[in-house]
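Working notes for the structure below.
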């Protein structure tokens, strides 16, 4: 897959998530749904690690 095709697939998934959810949700909701859409489109996706260590 060339970069242009990959970019189109990612942007298409992001647009679909936004169309389905609309504005006003927390970023984490969009991240989780975009992760799902990208996986469904056949891309290999890693989740961002959001674990924080307390000192």
Neighbours by Cβ (under 6 Å, 6+ apart or cross-chain): first from region 1-30, touching a residue at least 24 places away in the same chain (Cβ under 8 Å); second in a loop (DSSP other than H, G, I, E, B) and surrounded by 12 or more Cβ atoms within 10 Å (Cβ to Cβ): 9/41; 13/41
If you go through region 13-47 one residue at a time, how many are part of a helix (DSSP H, G or I) and either surrounded by 15 or more Cβ atoms within 10 Å (Cβ to Cβ) or in contact with a helix residue (DSSP H, G or I) (Cβ under 9 Å, 6 or more places away or on another chain) (or both)? 16
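Readers should treat all values here as calculations from the given coordinates under stated rules, not as data from a laboratory. The model shown is predicted, which means the values in this text are computed figures rather than measured ones. Because the Cβ atoms are built from the backbone with ideal geometry, glycine has one as well, and the counts that use them run over all protein chains shown.
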